[in-house]
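The structure appears right after this line, and notes come after that.
Read-outs throughout are calculated quantities, based only on the coordinates presented, and are distinct from any laboratory measurement. Treat the numbers as computed from the prediction; the structure is a model and nothing was measured. Methodologically, a virtual Cβ is constructed for each residue, glycine included, from the backbone with ideal geometry; neighbour enumeration extends over all protein chains shown.
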Amino acid sequence: MSEHEEHSSFIKTPQQLIVVVLLSFLVPIIGIVLLVNLVLSKPSADPSALAPEAVAKRLQPVGRVEFGAAGAAASGPRSGEDIVKSACAACHQAYRDVRVRGRAALDPTDPANKANRCLPRSNTAR
């Protein structure tokens, strides 16, 4: 005889048969009840969600540009040369130092090193 029976069932006891028969009736009934509940339910929304203030708040842009705000721009218009000196010169000077002094200018442990804030870490740890 072969090692396994070809016509065997996973239901071995009468209790298992009862459970399977009950579930075969209950599962479709529960599914039908849930489906009918889904179809017949009316979607409800918060009544205050359609107020003009709430709609405007949801539609507002993520960022804003404010003219005349207090800050660095409040000191008056700056020339292009002033902007280059304040923003670009630090990195460009650091690159000049690298060309003149070599790798010592890229020392990431030196707090006075201007290249620390301009160069990515992968370039400084060589």
Quick one: net charge of S48's neighbours, Cβ under 15 Å, K/R +1, D/E -1?
0
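If r is the Cβ-Cβ distance from V33 to S8 and R0 is 41 Å, what FRET efficiency results, to the nearest 0.05? The partial results should precede the final answer.
Values: r = 35 Å, r/R0 = 0.85.
Computed FRET efficiency for V33 and S8 comes out at 0.70.
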Rounded to one decimal in nm, the spacing of the 7 Å Cα→Cβ label points at L50 and A90 is 5.3
By the mean-Cβ-within-10 Å protection proxy, highest first, 23-33, 39-49, 83-93 rank as 83-93, 23-33, 39-49
